[in-house]
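A.B. asks: Got a structure for you, questions after.
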Amino acid sequence: MTMENFKVVNGILSPLDQFEVRNLFSLDAPVLGDLHLSVTNIGLYLTVAAMILLGLNELANNSQKIVPNNWSISIESLYATVHSIVINQINSNNGQRYLPFIYALFLFILINNLIGMVPYSFSSTAHFILTFSLSFTVVIGATILGLQKHGLKFFAFFVPAGCPLALLPLLVLIEFISYLARNVSLGLRLSANILSGHMLLNILAGFCYNIMTSGFIFFFLGLIPLMFIIAFSGLEIGIAFIQAQVFVVLTSSYIKDALDLH
């Protein structure tokens, strides 16, 4: 989201350079067939996100004091939000056992989304390979839950209620393809929203920079798009929360489908 993140390709500045995965450190070890170890920027920022999560939970712990601090109130508010999602999407009984996973997933996505809003940082959730890994794990896990609970009856999920026998093969095929598409759509929705928002901010920042460096009068004219960029940055912070919430809402919905077969 900064001018240094632009990449010149055939004389044109590319806003996609900020999403490039780069090696920060690499090591070639002459073991296990010339093992190659490397630390990339996405790996670094994922590690930073994990450390921030641990730090937030430690701050929210408040040294076991009865009176909560601001960190405790903030984390408890997020917890209450996720708890209500799980209860409403699954149910008050079976949903409790999946709450720790869904809560950790929400915080992980949210922290990575917010880290991407920091200037000169890296947005991990803008990469489809990461979001697809999360969505693929969620769908596979929900499928395993359904098979464990219902056995072969789980495949009745692909048979629509009241389906005419003549249309059964076609509708089963459509339902199966739709179920497989969950692996892609869940992760693609998250990465596409984060990617598009960062690209737009990058393009607007370059446009504003060119205006403000064109002359004294243009410097003041550039304040107009600059204010729009600031406002849009606030919107992107809101989208960071919304996309994390949407991801866990759909995750809870997929778990419910697997448990209840509807």
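The values are calculated or read from the model by the stated rules, or taken from the named source; none is laboratory data. All figures in this text were calculated on a predicted structure; none of them were measured in a lab. Every residue, glycine among them, receives a Cβ derived from its backbone with ideal geometry; neighbour counts consider all protein chains shown. The accessibility values were calculated without ligands, DNA or RNA, using every heavy atom of the protein model including side chains. Shrake-Rupley method; radii C 1.70, N 1.55, O 1.52, S 1.80 Å.
A.B. asks: Check off (1) over 18 Å from residue 247 (Cβ atoms); (2) open to solvent by less than 90 Å² (accessible area, probe 1.4 Å); (3) at pLDDT 85 or above; (4) of a type outside the set (D, E, K, R) for residue 51 and give me the number that stays unchecked.
C.D. replies: In the conditions (1) over 18 Å from residue 247 (Cβ atoms); (2) open to solvent by less than 90 Å² (accessible area, probe 1.4 Å); (3) at pLDDT 85 or above; (4) of a type outside the set (D, E, K, R), residue 51 misses (2) alone.
A.B. asks: Sort through 133, 92 and tell me the only one that's among the small types (Gly, Ala, Ser), at pLDDT below 85 and either loosely packed, with under 15 Cβ neighbours inside 10 Å or not in a strand (DSSP E or B) (or both).
C.D. replies: Numbers: 133 fails: at pLDDT below 85.
When all the criteria are applied, what remains is 92.
A.B. asks: Scan segment 65-77 for residues that are in contact with a helix residue (DSSP H, G or I) (Cβ under 8 Å, 6 or more places away or on another chain), of a type in the set (A, V, I, L, M, F, W, C) and either open to solvent by 40 Å² or more (accessible area, probe 1.4 Å) or at pLDDT below 85 (or both) and jot them down. Walk me through how you get there before you give the answer.
C.D. replies: Keep residues of segment 65-77 that are in contact with a helix residue (DSSP H, G or I) (Cβ under 8 Å, 6 or more places away or on another chain), which gives 68-69, 71-72, 74-76.
With the extra rule that they be of a type in the set (A, V, I, L, M, F, W, C), the set shrinks to 71, 75.
Correct list: 71 only.
A.B. asks: For segment 158-179, does any single residue satisfy the condition of being surrounded by fewer than 16 Cβ atoms within 10 Å (Cβ to Cβ) and in contact with a Lys or Arg (Cβ under 9 Å, 6 or more places away or on another chain)?
C.D. replies: There is no residue in segment 158-179 that is surrounded by fewer than 16 Cβ atoms within 10 Å (Cβ to Cβ) and in contact with a Lys or Arg (Cβ under 9 Å, 6 or more places away or on another chain).
A.B. asks: Moving to a separate point now. Tell me which residues, restricted to segment 180-217, are without any contact (Cβ under 8 Å) to a residue 24 or more places away in the chain and open to solvent by 50 Å² or more (accessible area, probe 1.4 Å).
C.D. replies: Correct list: 180, 196, 207, 210, 213, 214, 216, 217.
A.B. asks: Let me ask something additional. For residue 192, state whether it is within 16 Å of residue 257 (Cβ to Cβ) and assigned to a helix (DSSP H, G or I). If you could, list the steps in order and put the result at the bottom.
C.D. replies: Working: within 16 Å of residue 257 (Cβ to Cβ): no; assigned to a helix (DSSP H, G or I): yes.
No; evaluated as a whole, the condition is false for this residue.
A.B. asks: Return the only residue of 240, 258, 244 being open to solvent by less than 20 Å² (accessible area, probe 1.4 Å) and touching a Lys or Arg at 6+ places or on another chain (Cβ under 8 Å).
C.D. replies: Details: 240 fails: touching a Lys or Arg at 6+ places or on another chain (Cβ under 8 Å); 244 fails: touching a Lys or Arg at 6+ places or on another chain (Cβ under 8 Å).
Result: 258 is the single residue among 240, 258, 244 that is open to solvent by less than 20 Å² (accessible area, probe 1.4 Å) and touching a Lys or Arg at 6+ places or on another chain (Cβ under 8 Å).
A.B. asks: How many residues does segment 197-214 contain that are of a type in the set (Gly, Ala, Ser) and more than 24 Å from residue 240 (Cα to Cα)? Please lay out each step first, then the result.
C.D. replies: From segment 197-214, those of a type in the set (Gly, Ala, Ser) are 197, 205-206, 214; that's our starting set.
Next cut, more than 24 Å from residue 240 (Cα to Cα) only: 214.
So the count comes out to 1.
A.B. asks: Take segment 131-145 and flag every residue that is under 21 Å from residue 173 (Cα atoms) and in contact with a Lys or Arg (Cβ under 9 Å, 6 or more places away or on another chain).
C.D. replies: So in segment 131-145, the residues under 21 Å from residue 173 (Cα atoms) come out as 136, 139-140, 142-144.
Once the filter is applied, which keeps residues that are under 21 Å from residue 173 (Cα atoms) and in contact with a Lys or Arg (Cβ under 9 Å, 6 or more places away or on another chain), segment 131-145 yields 139, 142.
A.B. asks: Which condition number in (1) modelled with pLDDT of 80 or more; (2) within 30 Å of residue 77 (Cα to Cα) is the one that residue 41 fails?
C.D. replies: (2)
A.B. asks: Looking only at segment 135-171, count every residue that is of a type in the set (A, V, I, L, M, F, W, C) and either without any contact (Cβ under 8 Å) to a residue 60 or more places away in the chain or touching a Pro at 6+ places or on another chain (Cβ under 8 Å) (or both) and tell me the total. Full working, then the answer.
C.D. replies: Going residue by residue through segment 135-171, those that are of a type in the set (A, V, I, L, M, F, W, C) are 136, 138-140, 142, 144-145, 147, 152, 154-159, 161, 163, 165-168, 170-171.
Okay, now just the ones that are also either without any contact (Cβ under 8 Å) to a residue 60 or more places away in the chain or touching a Pro at 6+ places or on another chain (Cβ under 8 Å) (or both), so 136, 140, 144, 147, 152, 155, 158-159, 161, 163, 165-168, 170-171.
Number of matching residues: 16.
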